[in-house]
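Notes for the one structure printed next.
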Amino acid sequence: MKINSRTLFTLSALVLLCLFLLTGCRQEHRFIKKTAFKDANSIVITFAGPVDEGWAKDISKYTVYEKPDPDIKLKITEAHLSQDKKTVTLRFKENLNQDQPHMLAMSQITSEGRSLGSAFVSVKKLYLGYLFSVLIGAMIINNFVFAKYLGLCVFFGTSQKKSTAIGMGITFTIVMVFSSMMAWFLYQFVLKPYRLDFLEIVVFIGLVSLSVQAVDTILRKVNPMLFKAFGVYLVLVIANCIIIAVPLTLAANTYNAMESLMLAFGAGMGFLIALFLMSSVRERLELANIPRSYRGLPIAFVVAGLFALAFLGFSGMSIF
Amino acid sequence: MDPTLVKLALGGLAVLGCIGIFFGIGLALAAYKFAVEANPKVEEVLEVLAGAQ
Amino acid sequence: MPATTKTNPQLLFNGILGENPIFRLALSMCPAVGISTTVMNGLLLGIAVLFVQVFSSCTIAAIKNHIHPRIRIPTYTLTIATWVTVIDLVLAAYVPEAYKQMGIFVKLIVAFAIITMRLETFACKNSVNASFWDGLGMGLGFLFGMMALGFVRELLGMGTLFGYDILGFRPLLFFILPVAGFFCVGFMMAMFNYIELAVNRKKRG
């Protein structure tokens, strides 16, 4: 199991570059941070700063139409300004066709007495983008190890060597995706309709053991080489909090099948990233001159703390 | 006892039982189909070594 | 490991000092980092773990002769899951505010390595009585570990204990951040190691 670390680095740098490009493209006016659909008949506009109430409440300043037919202007019934004066909710007379992108023109935006000119922005539902944001959210922004502090036993146990770290991460991701999808399915279609959601812990942990056992049985026969490489980590998967935390998160929120898949995959990849980062540092630590009382776990904890501080920088970031 | 509670308990038993039987049979079939001839000596050795992780 | 020869108090203190789950065995670190921000949190989660540990140890010790060795681990997991469900529902009903603060961690007791480890190495070979004392010792060891961490973090971070103002000022606000849990556990482990090294050196003369 040998993966060139330079290739990995280049790959991750490329992914990050794409991310920044994508986020950069969305900005259409410097004063408007975000536009989105809300409910069936509303559009929410988020501004970078507070806007004047007199301007915001005047519905004649807004023009909205569906992108393919600019002649049909949609009828606005009310413009509601939030408490902090940064978000305006436009309510429409009829329900919006959210599959179509909408164009929104605002004339003479005034903020604190100053005019900021007119803005012309689009409002669209980006489902793929949303899925992607769920994935990145679980992988980096809410990384289960560094931002939610879960799965630490296995994290510290298997991050001594890069090869171990990658093996554990891959095994974990596979089992995670399998068991979470089964858990989501059972929860949505069996436990919830029959009001048996108090059994969630028993069912979810049972499903995890089952998937581990199934992967173990099948892999042992189908690919003994792979089993030799990854078999040892299978047992450790059950002892990892993340594997049970993801189904519980799925049960507590209303995600659909695709979003659940993305969340589970993101959680697994996030664990892999955390393990890889940590093992890279710990391989160096082996050679460093550390005070005797700090050797082994204590210094690993301090390093993990520094990583967590770094990951704190991602918090609050939204992609789409 | 409250009849709704009894219903809930019986429902839980039924659902858990069904899941258990379904996956139990599934795993048993898988174990049968993908059986690997284990060397009995390996298990004997492991038995002696057990506990040392 | 054959059946234990230790007396009950010895088993109790083994869990609290000799094999402390947090500082010695370094198991179940997630809650130690995640929610040990106050003494109260540590106490509540400690009680939950104590309950689950004692009852699962007793259950497994009572039925150990009827478990087929091949399905040993799944049986342990399901037993633990049952008792976790019980304590989860009880806490949600009687202390809803504290339960909300602990969030997902009560449910995650089911995946704590310490409980499965004790069932595997102790309860499946010993009598119900011995398992009870061992479970009690391990649970108390976890409780004290969590409370010690909560004590340090609450005192240094907020200057309070159990919500009462002790110092009147906040020496190190950093410690109240969830991230500081990593540093706190690291420093305390290093401290334990340092004391052990110093004691050993003295013994050798």
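Packing, taken as the mean count of other beta carbons within 10 Å per residue, orders the peptides A:69-77, C:178-186 from highest to lowest as C:178-186, A:69-77. Each Lys or Arg adds one and each Asp or Glu subtracts one; over the other residues with Cβ under 14 Å from the Cβ of C:Phe174, this totals +1.
With the simple spin-label model, which puts each label point 7 Å out from Cα in the Cβ direction, the B:Ala9 to C:Met40 separation comes to 3.5 nm.
Of all lysines in the structure, those lying under 24 Å Cα to Cα from A:Lys228, and not within fewer than 8 positions of it along the same chain, are A:Lys2, A:Lys161, A:Lys162, B:Lys33, B:Lys41. A straight line joining the Cα centroids of segment C:126-189 and segment A:52-99 runs 52 Å.
For the cross-link pairs C:Lys6/C:Lys107; A:Lys73/A:Lys93; A:Lys38/A:Lys75; A:Lys221/C:Lys64, the ones whose C-alpha atoms lie over 21 Å apart are C:Lys6/C:Lys107; A:Lys221/C:Lys64. Rounded to the nearest 0.05, the FRET efficiency derived from the C-beta distance between C:Leu197 and A:Thr7 at R0 = 60 Å is 0.90. Rounded to the nearest 20, the Cβ-based charge dipole of the protein assembly as shown about its Cα centre (Lys and Arg +1, Asp and Glu -1) stands at 1240 debye. Helix C:72-94 versus the longest principal axis of chain C: what angle, 0 to 90°, nearest 10, using Cα atoms? Helix C:72-94 sits at roughly 50 degrees to that axis. Per residue of A:146-157, other chain Cβ atoms within 10 Å of the residue Cβ number 6 on average.
Per-residue mean of foreign Cβ neighbours for C:186-192 is 6 (Cβ atoms of other chains, 10 Å radius).
Legend: helices of chain A (whole DSSP H runs) are marked when their alpha-carbon atoms reach 20 angstrom or more along the helix axis and their mean Kyte-Doolittle hydropathy is at least 0.0; marked are A:5-25, A:162-186, A:200-222, A:224-238, A:257-285, A:297-312.
Distance between Cα centroids, segment A:220-283 to segment C:23-48: provide it in whole Å. About 24 Å separates the Cα centre of segment A:220-283 from the one of segment C:23-48. Using the average count of surrounding beta-carbon atoms within 10 Å as a protection proxy, the listed peptides A:238-244, C:145-151 rank, highest first, as A:238-244, C:145-151. Counts of other chain beta carbons within 10 angstrom of each beta carbon in peptide C:67-75 average 2. Peptides B:5-16, A:213-224, A:157-168, A:137-148 ordered by packing proxy, namely the average of other Cβ atoms within 10 Å per residue, highest first: A:137-148, A:157-168, A:213-224, B:5-16.
Calculated mean residue ellipticity at 222 nm for chain A: -16500 deg cm²/dmol, from DSSP H runs with n ≥ 4 weighted as -39500 (n - 2.57), summed, divided by the residue count and rounded to 500. Of all lysines in the structure, those lying under 16 Å Cα to Cα from A:Lys85, and not within fewer than 8 positions of it along the same chain, are A:Lys33, A:Lys34, A:Lys57. Close amide H pairs (under 5 Å, H built 1.01 Å from N) link C:Leu25 with C:Asn20, residues at least 5 positions away or on another chain.
Here, each number is a calculation from the coordinates, and none is a lab measurement. The structure displayed is predicted, hence computed values, not measured ones. Ideal geometry is used to build each Cβ from the backbone, glycine not excepted, and the neighbour counts take in all protein chains shown.
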